[in-house]
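Notes follow once the structure below has been shown.
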Number of protein chains: 4
Amino acid sequence: MIHLKALGVLLREGGQPYPLDLLRTMLGQAGIRIHMLDDGRPPEPLDLVIAMGGDGTVLKALDMMPGCPVLAINFGTVGFLTAGGREELEQLLQRLIARQYIISERLLLRCDYPGGMAHVVNEIVLRSSWRLMNVEVSVNGGKIRNIRGDGMIVGTPTGSTGYLLSTGAPLVMPDVECFILDGLNEYNFTSRALILSPQSRIRLVVGPLLPDQTCNLYIDGNPICSVPAGQEIRLQRSDRRAQLLFFDEHYFFRNLSSRLGWEA
Amino acid sequence: MIHLKALGVLLREGGQPYPLDLLRTMLGQAGIRIHMLDDGRPPEPLDLVIAMGGDGTVLKALDMMPGCPVLAINFGTVGFLTAGGREELEQLLQRLIARQYIISERLLLRCDYPGGMAHVVNEIVLRSSWRLMNVEVSVNGGKIRNIRGDGMIVGTPTGSTGYLLSTGAPLVMPDVECFILDGLNEYNFTSRALILSPQSRIRLVVGPLLPDQTCNLYIDGNPICSVPAGQEIRLQRSDRRAQLLFFDEHYFFRNLSSRLGWEA
Amino acid sequence: MIHLKALGVLLREGGQPYPLDLLRTMLGQAGIRIHMLDDGRPPEPLDLVIAMGGDGTVLKALDMMPGCPVLAINFGTVGFLTAGGREELEQLLQRLIARQYIISERLLLRCDYPGGMAHVVNEIVLRSSWRLMNVEVSVNGGKIRNIRGDGMIVGTPTGSTGYLLSTGAPLVMPDVECFILDGLNEYNFTSRALILSPQSRIRLVVGPLLPDQTCNLYIDGNPICSVPAGQEIRLQRSDRRAQLLFFDEHYFFRNLSSRLGWEA
Amino acid sequence: MIHLKALGVLLREGGQPYPLDLLRTMLGQAGIRIHMLDDGRPPEPLDLVIAMGGDGTVLKALDMMPGCPVLAINFGTVGFLTAGGREELEQLLQRLIARQYIISERLLLRCDYPGGMAHVVNEIVLRSSWRLMNVEVSVNGGKIRNIRGDGMIVGTPTGSTGYLLSTGAPLVMPDVECFILDGLNEYNFTSRALILSPQSRIRLVVGPLLPDQTCNLYIDGNPICSVPAGQEIRLQRSDRRAQLLFFDEHYFFRNLSSRLGWEA
């Protein structure tokens, strides 16, 4: 359980009227100090961030305040990481104050790329600007595949309801310790998602590119850099973890049903 | 059968030494005039084009000389449209002169887009520069789907061994009269390829785009234009057909086996 | 249009109370004679069969009265071939009498198997009782694949919303002239649906079987016979067609949306 | 490392001439006693079983001698669990004696079914004798899906190269701690493999069956029993593990490449 004294609030950009008065009143009565994260770095360490938006806002909160637990309220469209919707806000805050929550710990990837390093919550994507490209994939020093297609993706269980869902990869329960690797529109018949052990050291080497072709790296939905032919990306388990708050033990499957009609 | 008097030759750009002497000698002895298409428009109507390259060269030949039959010799990497490889050239020319070929007639798509029109041999692709976009699909005046993903594709049976193969669409025998429609990395569970009747009038309307997002139209692998939100693409059967020459009745499945290991 | 004088009615077995009084009254007033098909062969040629049930009842009607058009009212669970639901019956009959319908002509397969022949509306399935088996597939005299898995399926466009939908095959508009071939749970990476031209002559040869293993043939959902190792099944276009009545030009996509949530 | 004193040998039934003389000579010189497991229970505890056959023989060895490590030599067709082929036998035995092996520990499933319990190495399958059936799936007390199709499958990472591979499920590295759940030929668009955490308690309840329909349970490829409508199957992590010997750190991907052409 978290000892809640100081709390940050991150709002989705370009947003809507947010019920900040309700938030201030309820949390203030519980003796919790509130800092709006749009105003810059908070003046004290935070015990929790409340992210109001969709999954993108959650990713941004995790990126801004590494190591800090996040409670996400859905004011967006995609909400697999959110604990509930805007219409439940009062009830969710009551349960937060009453400590009736569960903390879901999430594995992160560490991505070393040409010119930088990042901690990855959902996935990294290597994607050709257009036309086929090749990526050579090695795991623990052994070459395992040559992917030929629009690109490839490596993600976490958290990312299995993100872009990985579009590639046909499996749904992964959040507490499984693994990574998921898949191709994007491979030009062959042998594409198949691969579930990697969390100890895997993954190396991706970009193959030759055409003169008018670039290979771009995206992390958690954001463009990072282009990766020239012959350059490599290295991935392994991050020493960080993300912490997300939920109020329902079965939130993962409930979210799948309500957002994607999985139950059908 | 074709009455062969004048013949064009199209070479893959940036290519390799081509056996043009052999070509000139054999065809000259058969009384056939040869025109190199790299030198510009030929001075007389052509009865056939020999394309030396991969599938890209074939597409270019069909585009340059609409209505003219094409015999393709594989000097490239992908060769589903080619009748044989460079090492068989002499034998293929003998069979051409002896009229031992079959002509495969191929359905084309006509694509009307903002600012132009094109005849499509393989496929048209609408693709987001990055992130999810929506395309509303109507057939014969009725809305059938809203595709939400990286984009979408509509192709011909000829295109079923092109980019469509990467999207998981089925293989289609060349003489089936149909079109194929599929999504690209749809963010849902309901994606499924759709086989449309050749009389279908297809209308695609691009949904709202983010400020930094563009939707690009590609035809037969070439970038054509960006399509703004709200604009539409119209597709229907072209009044043109393509004609490809082959020497083996079972060329389609033989090519699948040899190039993609489909037989396995 | 059909000149409607005599009409058969087929009811789903084990069924529910059917509104036969309404049917008799409305059709009687229009001068149409009704024969219940449960009572055996009708005493005169029929101009139409009304099938009340699900897709299974439609298949049975087409089998009992070959060549006779069928109007199907959904009193079942799966209803891709039905023109409307039980709650719309009065309105559907009005439109039938007013000749406000369209007739959808459907391609059938002819299946020659050891010991018999059948006309196939949806699909034939070869399925192992348990464990892997092999089927060698030839088209027009050329071997195209060896399928290794639980079995295989060949179907019509009409069948694309039947069992073929479960194998991942594409949806096919009813007026496309083609057949669809796919494997069942193939034990390899090369499985891909294949769209065959309607002129295809397809030959399936069952490979070696284990001592306790049988390969069973099913046609339109009914068990037909077991097929011993080495025996063959031959498939080609039937000289018959099926005729189904609908009242809405867009019935195919409307049914997909309402029954499978394809629109999403 | 294993202290090797007594060793069992299990041969694939109906087999071929096995090089037992070589085995006896090499192991005898190393002071290891050999017991043929076809002759019944060995007279002393075993330190290792050498299984000569395919994956089926490995499963049988693990079932006969629970807790005992297995070294598998491929004398069969499918060999994802085998450390090498028959042609390498002498070299493999040398490396065994020299202790140059790695031990791969594998998670097992415990399956409680009506009338019994079993430890599962690869997978359990619930499969309809014919036609659609329903299975209700719950995880940790919460209902997550209703599967409607030919049946369903739950397997281990070891099983991901078994029957699960036929259902389109992902490949799973052997040391990932998870289970995999998937449908068999689901009659909808929402089928997607699910990766479950190893702590999951899974409950499967068979839905209503037709009069001529049975639902059969198979464990590791063997028929176990039929499961009546309304009955349940319970699955959770077994307290046992399997131990397999290999001589190459990259055996998993090497086997995929050589046996399924995954490398392509």
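The values are calculated or read from the model by the stated rules, or taken from the named source; none is laboratory data. Being a predicted model, the structure only gives us computed values, none of them experimental. A quick note on method: Cβ atoms are made from the backbone with ideal geometry, for glycine too, and the neighbour counts reach across all protein chains shown. Areas reflect the complete protein model, heavy atoms only, side chains present, ligands, DNA and RNA absent. Shrake-Rupley method; radii C 1.70, N 1.55, O 1.52, S 1.80 Å.
Using Cα springs under 10 Å in a Gaussian network model of chain D, which residue among D:134, D:222, D:74 shows the largest mean-square fluctuation?
D:222
So if I take the centroid of the Cα atoms in segment A:85-161 and the same for segment C:177-205, what is the distance between those two points in Å?
If you average the Cα positions of each part, the centres end up 37 Å apart.
What is the sum of charges around residue A:29, taking Lys and Arg as +1, Asp and Glu as -1, for the other residues whose C-beta is under 13 Å from the C-beta of residue A:29?
0
Quick one: net charge of residue B:175's neighbours, Cβ under 11 Å, K/R +1, D/E -1? Walk me through the intermediate numbers first.
Values: positive: B:106; negative: B:105, B:177, C:177.
Cβ neighbours under 11 Å give a net charge of -2.
Please compute the Kirkwood hydrodynamic radius over segment C:64-119, one decimal place, Å, based on all pairs of different Cα atoms.
Working: mean 1/r = 0.0727 Å⁻¹.
One over the average 1/r among Cα pairs gives 13.8 Å for segment C:64-119.
Heavy-atom accessible area of residue A:234 with all protein chains present, probe 1.4 Å, nearest 10 Å²?
Probe radius 1.4 Å; accessible area of residue A:234 about 110 Å².
What accessible area per residue comes out for chain A, rounded to a whole number of Å², with a 1.4 Å probe?
Details: 9950 Å² over 264 residues.
Accessible area per residue: 38 Å².
Taking the label point 7 Å from Cα in the Cβ direction, how far apart in nm is residue D:63 from each other copy of itself, listed shortest first?
Distances to the matching label points in the other copies: 3.7, 5.2, 6.0 nm.
Count the DSSP beta bridges whose two residues both fall in segment A:48-145, then state the antiparallel fraction as a percent rounded to the nearest 5. Working shown, then result.
Details: 8 of 15 bridges.
Percent antiparallel among DSSP bridges in segment A:48-145 is about 55.
Any idea what the residue A:222 label distances to the other copies are, label 7 Å down the Cα→Cβ vector, nm, shortest first?
3.9, 5.5, 6.4
Just A:52, A:64, A:152 to compare: in a GNM of chain A, with alpha carbon springs under 10 Å, which one fluctuates most?
Of A:52, A:64, A:152, the Gaussian network model singles out A:64 as fluctuating most.
So if the hydrodynamic radius of the protein assembly as shown is defined as the Kirkwood radius over C-alpha pairs, what does Stokes-Einstein give as its diffusion coefficient at 37 °C and 0.692 mPa s, in µm² per second?
Working: Rh = 31.8 Å.
Reported coefficient: 103 µm²/s.
Given the whole protein assembly as supplied and a 1.4 Å probe, what does the accessible area of residue D:119 come to in Å², nearest 10?
Solvent-accessible area, nearest 10 Å²: 40 Å².
Can you compute the equivalent ellipsoid semi-axes for segment A:103-155, i.e. the square root of 5 times each eigenvalue of the Cα gyration tensor, sorted largest first and rounded to whole Å?
Details: eigenvalues 106, 42, 28 Å².
Result for segment A:103-155: semi-axes of 23, 14, 12 Å.
For residue D:3, which inter-copy label distances result when the label point lies 7 Å beyond Cα on the Cα-to-Cβ vector, reported in nm to one decimal and in ascending order?
Nearest to farthest, the other copies are at 5.1, 9.5, 9.9 nm.
Around residue B:9, what is the net charge, scoring Lys/Arg as +1 and Asp/Glu as -1 over all other residues with Cβ under 15 Å from its Cβ? Working shown, then result.
On the way: positive: B:5, B:12, B:24, B:33, B:41, B:60, B:86; negative: B:13, B:21, B:38, B:39, B:44, B:47.
After counting each charged neighbour, the total is +1.
Determine how large the accessible area of residue A:60 is when every protein chain is in place; take a 1.4 Å probe and give Å² rounded to the nearest 10.
Probe radius 1.4 Å; accessible area of residue A:60 about 80 Å².
At a probe of 1.4 Å, how much accessible area disappears from chains B and C on forming the pair, both sides counted, to the nearest 100 Å²?
Numbers: alone 12820 and 12810 Å², together 22680 Å².
In total, this chain pair buries about 3000 Å².
Which value does Rg/Rh take for segment C:156-252 over its C-alpha atoms, Rh per Kirkwood?
Details: Rg = 15.6 Å, Rh = 15.6 Å.
So for segment C:156-252, dividing Rg by the Kirkwood Rh gives 1.00.
Report, to one decimal in Å, the Kirkwood hydrodynamic radius for segment A:50-152 based on all distinct Cα pairs.
Working: mean 1/r = 0.0604 Å⁻¹.
For segment A:50-152, inverting the mean 1/r across all distinct Cα pairs yields 16.6 Å.
Please grab the % of Cα pairs in chain B that end up more than 33 Å from each other. Intermediate values should be presented prior to the final figure.
On the way: 8923 of 34716 pairs.
Counting pairs separated by more than 33 Å, the tail of P(r) holds 26 percent.
What Kirkwood radius, in Å to one decimal, follows from the Cα pairs of segment B:1-100?
Values: mean 1/r = 0.0745 Å⁻¹.
This gives a value of 13.4 Å.
Choose one answer from D:190, D:156, D:214: the residue with the largest mean-square fluctuation in a GNM of chain D with alpha-carbon springs under 10 Å.
Highest fluctuation of the listed residues: D:190.
Express the carbon and sulfur contribution to the solvent-accessible surface of the protein assembly as shown as a percent, rounded to the nearest whole number, probe 1.4 angstrom.
Working: 18950 of 39920 Å².
Here carbon and sulfur together make up 47 percent of the probe-accessible area.
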